[in-house]
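A quick write-up on the structure given underneath.
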Amino acid sequence: MTITEQEKSKFVESVNKWGLHSQILMLAEESSELTVAALHYLREKKKADAEAQLAEEIADTQLMIDEIKFALCLEDMVQSYREAKLKRLEQYLR
């Protein structure tokens with residue numbers, strides 16, 4: 001997924017306001033919240049509520065991942081790892 005110019009602007013503003021260290025901590029926090037939402041989804045009987053919470057936490061985590069990828073100029077490196085992992089998955093599925 002390509003990061004838009006509007007998103008890049010917001011990411012720069014965010015890192016300038018709160019600092020990279022704080023934003024990396026926020027990435028860890030959002031990742032933890034995603035973990036909890038995934039576990040709740042598995043045990044919840046009201047799947048619609050759990051799905052909505054899971055979707056929200058995925059969005060939060062993806063935003064923070066995108067922000068950190070952009071801030072640290074990791075987009076190409078992450079894409080390279082992603083492609084390699086998809087190839088490995090393809091091999092496992094054979």
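Would you check if residue 59 is in a helix (DSSP H, G or I), on the phi < 0 side of the Ramachandran plot, within 11 Å of the chain's Cα centre (by Cα) and free of Cβ contacts under 8 Å to residues at least 24 places away in the same chain? Yes, satisfied.
Looking only at residues in the stretch 63-93 that are over 14 Å from the mean Cα position of the chain (by Cα) and outside any helix (DSSP H, G or I), the one that is surrounded by the most Cβ atoms within 10 Å (Cβ to Cβ) is 72.
Output the number of residues of the stretch 43-94 satisfying the condition of being aromatic (Phe, Trp, Tyr) and out of contact with any helix residue (DSSP H, G or I) (no Cβ under 6 Å at 6 or more places or on another chain). Final tally of qualifying residues: 2.
Summed over the stretch 13-46, residues that are over 15 Å from residue 57 (Cα atoms) and touching a residue at least 40 places away in the same chain (Cβ under 8 Å) total 5. When you scan the stretch 40-57, do you find a residue that is modelled with pLDDT of 95 or more and within 20 Å of residue 79 (Cβ to Cβ), even just one? No, because not a single residue in the stretch 40-57 is modelled with pLDDT of 95 or more and within 20 Å of residue 79 (Cβ to Cβ).
Could you please let me know if residue 67 is out of contact with any Phe, Trp or Tyr (no Cβ under 6 Å at 6 or more places or on another chain) and among the charged types (D, E, K, R)? No.
Just checking, does the stretch 14-30 include any residue being small (Gly, Ala, Ser), outside any helix (DSSP H, G or I) and more than 17 Å from residue 74 (Cα to Cα)? The answer is yes, given that some residue of the stretch 14-30 is small (Gly, Ala, Ser), outside any helix (DSSP H, G or I) and more than 17 Å from residue 74 (Cα to Cα).
The values are calculated or read from the model by the stated rules, or taken from the named source; none is laboratory data. These numbers were taken from a predicted model, which means no experiment stands behind them. No Cβ is skipped: glycine too gets one built from the backbone with ideal geometry, and neighbour counts run over all protein chains shown.
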